[in-house]
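> Here it is: the structure, laid out below.
The values are calculated or read from the model by the stated rules, or taken from the named source; none is laboratory data. All figures in this text were calculated on a predicted structure; none of them were measured in a lab. Neighbour counts are summed over all protein chains in view; Cβ atoms, including those assigned to glycine, are modelled from backbone coordinates with ideal geometry. Heavy atoms of the whole protein, side chains included, go into the accessibility calculation; ligands, DNA and RNA do not. Shrake-Rupley method; radii C 1.70, N 1.55, O 1.52, S 1.80 Å.
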Amino acid sequence: MDGIIAAMYRLLLTALFLAVATSQHAHSARIGVVMDGDEPAAPLTAERLDAAGIEVRHDVVYGEMPGVDAERLRLDLYTPAQRGPEERLPILLYLHGGGWFAGDKTQSFLQPLAFVPQGFVYASANYRLGPAATVAEMAQSAADAAGWLVRNAEEFGGDPHQLFLIGHSAGAHLVSLLGTNATFLEEASVDLASVRGVVSLDTAVYDLPKLLAETDVDFYQMVFGTTRDVEEVSPWHHVRYDAAHPPFLIFYSEGRPAALSQTIPFAQRLRDAGHSATAVEAIGRSHGALNAYLGTEGDRSTRQIVGFLRRQANASDYAETTLKTELVPSPLEYSVLRPGPAFLPDGGADALPILLFLHGGNGDRRWLASNRRLFERAWEAGLLPPVVVATPSAASLGYYMDYHDGSEMWTTLLAGEFPRLVAERHGGDPERVAIAGYSMGGVGALRVSFKNPEAFVAAAGMAAGIEPALAFDELPAWYEGWKGPRLGDRFGTPVDAAFWAENNPASIASAHPERLRDSGLAILVECGAEDQFHNHIGNEFLHRVLTEQRIPHEYRLVHGEAHVPIAPERMLATFEFLGRALDGPSQAKRVARTRYDTLLAPMQAMGPPESTPEPPK
């Protein structure tokens, strides 16, 4: 009997909430459709869209699922009627409110009129609702809508690397979840790095366990449950220091304490983790009116959102493309990132320096997309001047070298043909080229630049896989297990010891110190002191060799840091080093010389580098 009563109670709560939600929806619809500022306005008719130069496709199917109402897996797509054939516009995806149990994509009201003329493709999507769907399933269907937009972007002129999310009420919770818990987007084959910004319109659900513990409203328990599983759909619990969370613009309506008490701490949590988050009170707007008035003339929230979207969209331009070459397997895939108008006050008429940033083992060109916001942070902070950044997709463990059998010539490519092509295609300066990389890319950057120091202004190796010896037969015994994965057949079978030395950065520096000194190449060697692959031993060895050979360089051993994940501050510090070199090699050389002179005496007192360094016990 108690179970029956409890079930009836839950049904009553559901019915009551749906009635309230439907009433609020209807009230919002009346406001949104009939108001344009303080004057009566027509609803969002076909005629009004035509007058604004907007085309619409209603009820686009973005997914199919047995047993799921097909209407819940559809979206409306609004695009500019006039655009260039090669033009790619940022995509803005809207998720409606309705308390996870109600609502519809038509609740976007007048928003297309605000955002499409500003140069955006706008989509309003339905998603699965409770009680038939769990909140996680709702989030997944919303992510599937984003996946459809990204996959089909070329068809409607969208930019798959410029996706923005906006949601109201329950939709605000869902877009905040997608912007923090990458699992849902990954399931839809969307990289979180493609999400360039999140606009959250007045939800009270960010820290869900805290909300459930403090609220007396049974509805939240009914929607989310009370188990630890709620953390899966709690945005607060997915904010990470090392994640590529997009910038957030978070609104809370006037006079709604529940939203205020969750919004301010969530925004602060994002900022504490190194991400951008702005909380805004929508003065004079109730919960429903905040959404209903978006797109109306003179609406303050609309202006703030448009400004936020434009700033993020104009921060940088990212593209993925290919080139044909005879030096490595062709076509070679690569990505390129250019600073946008926000960082090019003169319009970018002058050719920009080029930075080749090489990804690590088992990575590819998408490394650059994942770190796009770090480059934007460096530009914004003035750590790095405007540069063209390019990342080629290299062989899984190719180490960016010219292979012993001549089948792949990565060093030759990166020292000549590739930067010249980047300059020609993407507005770079072939006379100002820096090279950097992480892990496999770190040793690649040092190898390429040490063999061709005149081709580069600067080189930075982060957590580089440096072999700690000057001769192959001097590699320490503990290194034996690394030889297979690190050497493969690229050095010959069996290993050609002379060829190995010709491609080992420490051996190159030891054999040709005058060339490195005379070239003026600015050098950074950087590694975490607790590197899981013992790379700090090889980096320390290289530092000792460079010091012994009086080759100016900067060396950073970062205590408490492992190989992965890498702290954003390490990347930003590397960008600062590269910025000094690209702004003026003489400045970088002066700084390196000062640090070198300070370290020289104590380093010389330690004697030459050990030939057989051992890892810590």
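> Given the condition outside any strand (DSSP E or B) and in contact with a helix residue (DSSP H, G or I) (Cβ under 9 Å, 6 or more places away or on another chain), answer yes or no: does some residue in the stretch 316-323 qualify?
Within the stretch 316-323 (the criterion being outside any strand (DSSP E or B) and in contact with a helix residue (DSSP H, G or I) (Cβ under 9 Å, 6 or more places away or on another chain)), the answer is no, since none of the residues qualifies.
> From the set of residues in the stretch 51-78 that are in contact (Cβ under 8 Å) with a residue 12 or more places away in the chain, out of contact with any Lys or Arg (no Cβ under 6 Å at 6 or more places or on another chain) and in a helix (DSSP H, G or I), which is surrounded by the fewest Cβ atoms within 10 Å (Cβ to Cβ)?
Only one residue fits best here, namely E71.
> Also: Taking the conditions exactly as written (crowded, with 18+ Cβ neighbours inside 10 Å, touching a Ser or Thr at 6+ places or on another chain (Cβ under 6 Å) and among the small types (G, A, S)), does S234 satisfy them or not?
So S234 does not fit the description; no.
> Here is a follow-up. Between L294, L290, which is part of a helix (DSSP H, G or I) and either of a type outside the set (A, V, I, L, M, F, W, C) or within 21 Å of H96 (Cα to Cα) (or both)? So that I can check it myself, show each step before the final result.
Numbers: L294 fails: part of a helix (DSSP H, G or I).
Every option except L290 fails the conditions.
> If I ask for residues that are outside any helix (DSSP H, G or I) and open to solvent by less than 10 Å² (accessible area, probe 1.4 Å), which ones from the stretch 104-115 would you list?
Scanning the stretch 104-115 gives a single hit, L110.
> Considering every residue within the stretch 341-352, establish whether at least one is at negative phi and open to solvent by less than 10 Å² (accessible area, probe 1.4 Å).
There is no residue in the stretch 341-352 that is at negative phi and open to solvent by less than 10 Å² (accessible area, probe 1.4 Å).
> Next question. All but one of (1) touching a helix residue (DSSP H, G or I) at 6+ places or on another chain (Cβ under 9 Å); (2) open to solvent by 10 Å² or more (accessible area, probe 1.4 Å); (3) outside any strand (DSSP E or B) hold for A142; state the number of the condition that does not hold.
Of (1) touching a helix residue (DSSP H, G or I) at 6+ places or on another chain (Cβ under 9 Å); (2) open to solvent by 10 Å² or more (accessible area, probe 1.4 Å); (3) outside any strand (DSSP E or B), only one is false for A142: (2).
> Of all the residues that make up the stretch 496-533, how many are open to solvent by 30 Å² or more (accessible area, probe 1.4 Å) and polar (S, T, N, Q)?
Qualifying residue count for the region: 3.
> OK, next. Of all residues being under 21 Å from the mean Cα position of the chain (by Cα) and open to solvent by less than 20 Å² (accessible area, probe 1.4 Å) in the stretch 569-578, which is farthest from A243 (Cα to Cα)? Just the residue, please.
Checked the stretch 569-578; the qualifying residue farthest from A243 (Cα to Cα) is L578.
> Looking at (1) in contact (Cβ under 8 Å) with a residue 40 or more places away in the chain; (2) buried (at least 24 other Cβ atoms within 10 Å of the Cβ); (3) under 30 Å from R300 (Cβ atoms), find the lone condition where D159 falls short.
Of (1) in contact (Cβ under 8 Å) with a residue 40 or more places away in the chain; (2) buried (at least 24 other Cβ atoms within 10 Å of the Cβ); (3) under 30 Å from R300 (Cβ atoms), only one is false for D159: (2).
> Residue check: is F101 open to solvent by 20 Å² or more (accessible area, probe 1.4 Å), touching a Phe, Trp or Tyr at 6+ places or on another chain (Cβ under 7 Å) and either assigned to a helix (DSSP H, G or I) or closer than 30 Å to D229 by Cβ (or both)? Even if it seems obvious, please write down each step before you answer.
Numbers: open to solvent by 20 Å² or more (accessible area, probe 1.4 Å): yes; touching a Phe, Trp or Tyr at 6+ places or on another chain (Cβ under 7 Å): yes; either assigned to a helix (DSSP H, G or I) or closer than 30 Å to D229 by Cβ (or both): yes.
Spelling it out, F101 is indeed open to solvent by 20 Å² or more (accessible area, probe 1.4 Å), touching a Phe, Trp or Tyr at 6+ places or on another chain (Cβ under 7 Å) and either assigned to a helix (DSSP H, G or I) or closer than 30 Å to D229 by Cβ (or both).
> Next up: Just to check your reading of the model, which residue among F120, F184 is closer than 14 Å to P235 by Cβ and of a type outside the set (A, V, I, L, M)?
F184
> I need a count of the residues in the stretch 476-495 that are assigned to a loop (DSSP other than H, G, I, E, B), touching a residue at least 60 places away in the same chain (Cβ under 8 Å) and surrounded by 14 or more Cβ atoms within 10 Å (Cβ to Cβ). Reasoning before the result, please.
Let us first name the residues in the stretch 476-495 that are assigned to a loop (DSSP other than H, G, I, E, B), namely 476, 488-495.
Next cut, touching a residue at least 60 places away in the same chain (Cβ under 8 Å) only: 476, 488-492.
Next, from what is left, pick out any that are surrounded by 14 or more Cβ atoms within 10 Å (Cβ to Cβ): 476, 488, 490-492.
Number satisfying all stated conditions: 5.
> Hey, another quick one. List every residue pair whose Cβ atoms lie under 7 Å apart, where the two residues are 6 or more positions apart in sequence or sit on different chains, the first residue falls within the stretch 257-268 and is open to solvent by 10 Å² or more (accessible area, probe 1.4 Å), and the second residue, located anywhere, is among the aromatic types (F, W, Y).
Short answer, once both residue conditions are applied: L260/Y252; Q262/Y206.
> Restricting the search to the stretch 579-598, which residues are surrounded by fewer than 20 Cβ atoms within 10 Å (Cβ to Cβ) and either modelled with pLDDT of 85 or more or of a type in the set (D, E, K, R) (or both)?
D583, K589, R590, R593, R595, D597, listed by residue number.
> Hey, another quick one. Conditions first: (1) open to solvent by 30 Å² or more (accessible area, probe 1.4 Å); (2) part of a loop (DSSP other than H, G, I, E, B). A243 passes all but one, so which condition is the exception?
Single failed check for A243: (1).
> Continuing with the same structure: Can we say V223 is of a type outside the set (D, E, K, R), in contact with a Leu (Cβ under 6 Å, 6 or more places away or on another chain) and assigned to a helix (DSSP H, G or I)?
No.
> For the stretch 322-334, check the following and say yes or no: at least one residue is small (G, A, S) and either open to solvent by less than 30 Å² (accessible area, probe 1.4 Å) or in contact with a Cys (Cβ under 9 Å, 6 or more places away or on another chain) (or both).
Looking for residues that are small (G, A, S) and either open to solvent by less than 30 Å² (accessible area, probe 1.4 Å) or in contact with a Cys (Cβ under 9 Å, 6 or more places away or on another chain) (or both), one finds none in the stretch 322-334, hence no.
> Can you tell me which residue among A436, A395, A463 is under 26 Å from A509 (Cβ atoms), at pLDDT below 95 and under 27 Å from the mean Cα position of the chain (by Cα)?
Values: A436 fails: at pLDDT below 95; A463 fails: at pLDDT below 95.
So the residue among A436, A395, A463 that is under 26 Å from A509 (Cβ atoms), at pLDDT below 95 and under 27 Å from the mean Cα position of the chain (by Cα) is A395.
> Follow-up. Residue under question is R83, and the condition is that it be touching an Asp or Glu at 6+ places or on another chain (Cβ under 9 Å) and either part of a strand (DSSP E or B) or open to solvent by 30 Å² or more (accessible area, probe 1.4 Å) (or both); does it hold?
Numbers: touching an Asp or Glu at 6+ places or on another chain (Cβ under 9 Å): no; either part of a strand (DSSP E or B) or open to solvent by 30 Å² or more (accessible area, probe 1.4 Å) (or both): yes.
Taking the combined requirement at face value, the residue does not satisfy it.
> With the condition kept exactly as written, say whether any residue in the stretch 116-132 is open to solvent by 10 Å² or more (accessible area, probe 1.4 Å), modelled with pLDDT of 95 or more, out of contact with any strand residue (DSSP E or B) (no Cβ under 9 Å at 6 or more places or on another chain) and over 29 Å from E297 (Cα atoms).
yes
> Ok, one more. Pull up the stretch 353-371, narrow it to residues that are assigned to a helix (DSSP H, G or I) and touching a helix residue (DSSP H, G or I) at 6+ places or on another chain (Cβ under 7 Å), then point me to the one that is surrounded by the most Cβ atoms within 10 Å (Cβ to Cβ).
If we take residues in the stretch 353-371 being assigned to a helix (DSSP H, G or I) and touching a helix residue (DSSP H, G or I) at 6+ places or on another chain (Cβ under 7 Å), then A369 is surrounded by the most Cβ atoms within 10 Å (Cβ to Cβ).
> Determine if the stretch 297-310 includes at least one residue that is in a loop (DSSP other than H, G, I, E, B), aliphatic (A, V, I, L, M) and surrounded by 23 or more Cβ atoms within 10 Å (Cβ to Cβ).
Looking only at the stretch 297-310, we keep the residues that are in a loop (DSSP other than H, G, I, E, B), and these are 297-299.
Next, only the ones that are aliphatic (A, V, I, L, M) stay: none.
Looking through the stretch 297-310, none of the residues is in a loop (DSSP other than H, G, I, E, B), aliphatic (A, V, I, L, M) and surrounded by 23 or more Cβ atoms within 10 Å (Cβ to Cβ).
> Within the stretch 444-451, does at least one residue satisfy the condition of being at pLDDT 95 or above, more than 26 Å from Y318 (Cα to Cα), surrounded by fewer than 24 Cβ atoms within 10 Å (Cβ to Cβ) and not acidic (D, E)?
Yes, that holds for at least one residue.
> Can I ask one more? Looking at the stretch 372-406 only, could you name the residues that are in contact with a Phe, Trp or Tyr (Cβ under 9 Å, 6 or more places away or on another chain), open to solvent by less than 10 Å² (accessible area, probe 1.4 Å) and on the phi < 0 side of the Ramachandran plot?
Those that are in contact with a Phe, Trp or Tyr (Cβ under 9 Å, 6 or more places away or on another chain), open to solvent by less than 10 Å² (accessible area, probe 1.4 Å) and on the phi < 0 side of the Ramachandran plot: R372, F375, A378, L384, V387, V389, A390, T391, P392, G398, M401.
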